[in-house]
Every structure is written in C-alpha cells, then in structure tokens.
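**Student:** Pasting in a structure now, in structure tokens, and then I'll have a few things to ask.
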Amino acid sequence: MFVIGEALIDEQIAHERFACDVVKCRGACCTLSGGRGAPLDDDELIELERAFPVFKKHLSEHHLQTIAQHGLYEGTAGNFTTTCVDDKACVFVFYDDGITRCSIEKSHLDGEIAWRKPISCHLFPIRASSGSMRTLRYEKIAECVPAVEHGRNEEIPMYDFLKNALIRKYGETWYEEFRKECRLHDGQGHKKFSLMNFLK
C-alpha cells in the first residue's frame, strides 16, 4: 500500500495491466449476480434522475417496468446502488449483439447528456471508499480475465487505462502524483499471467 494525498492505494493497482475487451467479456461486469447494482455517490442521484428521460429510450420494456416498480436506485444515504433486474443485471444496461452496454454511457457518447455514468462504473475494477482515509483497491473478478490478458499483451497499465476516470474523481494534479508513484512501484509485482494467481 502507498499513500497519495489522503488516499491509501492498493499496490496491485500499480503493478497490474488492464484494458477492457468487451468482445470477449461481453460486458459481464454489468450483469454480476448478487442483487446489488453499481454503487452511487449521494450526489449522483440527481444526475441519474436528470438523465433518465434521455437514456431510457435504450432500455427494454422489462427494464422500464422494473424501474417503474422499484425505482432508479435503492439503499440509504451513503449506501445507494443502481437497481438490479432479476437480482443480476444493472437496470440501465441494454444488449447490443450479445454485448451488455450502458444506456447512460451511450447517450453521453452520442452527445445527448453531459454525465457519463456512475463514477464507480467508470473506475472499475478500482473500488474507492470514502472516509477520513480514502482507500483505492483493486477488485478482481474472473469475468475480467480477458481485460487482464489484453492489458498485459498490449502493455497497458491499469493506472493509464483508468486515467480519465481517476481525473474525474480526484483531479488532474492528484492523478499526476498518483501516476508518478505508480511508475515507481510498477514492475515489482508484475508476473506472467495465470488464472490461479490472478484470483488469489
């Protein structure tokens, strides 16, 4: 672990290579079972409600019915998440030739809304906790094996792949200090990929 500002950083973030490969993973991180969706910051609820009338056109009738019944999000202050469909898929996903995609992000990329998507989704597989000492940790899931393989084949560090998300969350000055520190640590824990070691 190392510290940047008031954030405690999981050193694996500095070591790992990572670049999403949705052709292989099919957007699986948006459809994980467990009954809870993506974490939401409290101030993102307003963004979500504001954007919904625009991006809802991408959603299936089943997802729209789920929203009508259960709402856009669930939880309590400090612990909100997006609503799930059938205790699995995020209610905001749609399917494009078998690939799970985010309706919010599509509307953003189409220039229809300014908000890209929840910051927890943008940062994944980094998970950020709040509090007096913020913590950034690397959340490993088997569904992201293709992203690790792709990142290692192309030599793309996780801290570079997630540059825009990290700047969005913490600002450019913090990111440059973070990246400099990651480069100092980089390579010390980087090993040949194996699924067994990845899941440890």
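Throughout, read-outs are computed from the coordinates displayed, never taken from laboratory work. These numbers were taken from a predicted model, which means no experiment stands behind them. Neighbour counts run over all protein chains shown; Cβ positions are idealised from the backbone, glycine included.
**Student:** Using the Cα atoms of the stretch 72-149, I'd like the radius of gyration and the largest Cα-Cα distance, Dmax, both in angstrom.
**Tutor:** That works out to 14.4, 44 Å for Rg and Dmax.
**Student:** Moving on. Quick query: amide H of Leu8 versus all other amide H atoms, modeled in the peptide plane; which residues come in under 5 Å with a sequence gap of 5 or more or a different chain?
**Tutor:** Arg134, Thr135, Leu136
**Student:** Please compare each pair in Lys56/Lys140; Lys88/Lys140; Lys57/Lys169; Lys88/Lys169; Lys24/Lys57 to a cut-off of 24 Å on the Cα-Cα distance and tell me which ones are over it. Please report the intermediate quantities before stating the final value.
**Tutor:** Details: Lys56/Lys140 30 Å; Lys88/Lys140 18 Å; Lys57/Lys169 28 Å; Lys88/Lys169 26 Å; Lys24/Lys57 26 Å.
Flagged as over cut-off: Lys56/Lys140; Lys57/Lys169; Lys88/Lys169; Lys24/Lys57.
**Student:** Enter the angle in degrees (range 0 to 90, nearest 10) between the Cα long axis of helix 61-70 and the first principal axis of the Cα atoms of the chain, meaning the one along which they spread out most.
**Tutor:** Relative to the chain, helix 61-70 is tipped by roughly 90 degrees.
**Student:** Here's a follow-up. Given the rule -39500 (n - 2.57) for each run of at least 4 DSSP H residues, summed and divided by the residues of the chain, what is its mean residue ellipticity at 222 nm, to the nearest 500 deg cm²/dmol? Intermediate results must be reported in sequence, preceding the final value.
**Tutor:** Numbers: 11 runs with 82 residues, N = 200.
Helices in the chain give a 222 nm mean residue ellipticity of -10500 deg cm²/dmol.
**Student:** Tell me, in nm to one decimal, what length is gained between Lys180 and Glu155 on full extension, where the rule is 0.36 nm per residue of separation less the Cα-Cα distance?
**Tutor:** Details: separation 25, 0.36 × 25 = 9.00 nm, distance 1.71 nm.
My answer for the length gained is 7.3 nm.
**Student:** Arrange the peptides 24-31, 100-107 so that the one whose residues have, on average, the most other Cβ atoms within 10 Å appears first. Could you put the intermediate results ahead of the total?
**Tutor:** Details: 24-31: 18.6, 100-107: 20.8.
Ranked from most to least packed, the peptides come out as 100-107, 24-31.
**Student:** Please give the peptides 86-94, 146-154 ranked by average Cβ packing (other Cβ atoms within 10 Å per residue), highest first, as a rough proxy for protection.
**Tutor:** Details: 86-94: 19.7, 146-154: 18.0.
Descending packing order for the listed peptides: 86-94, 146-154.
**Student:** Report, in degrees rounded to the nearest 10, the 0 to 90 angle that the Cα long axis of helix 44-55 makes with the longest principal axis of the chain.
**Tutor:** Here the helix axis deviates by roughly 60 degrees.
**Student:** May I ask for the equivalent-ellipsoid semi-axes of the chain, computed as the square root of five times each C-alpha gyration tensor eigenvalue and listed largest first in whole Å?
**Tutor:** Semi-axes, largest first: 29, 20, 15 Å.
**Student:** If you don't mind, another one. Please compute the volume of the convex hull spanned by the alpha-carbon atoms of the stretch 30-114 and report it per residue in Å³.
**Tutor:** On the way: hull volume 7.8 nm³, N = 85.
Convex hull volume per residue, Cα atoms: 92 Å³.
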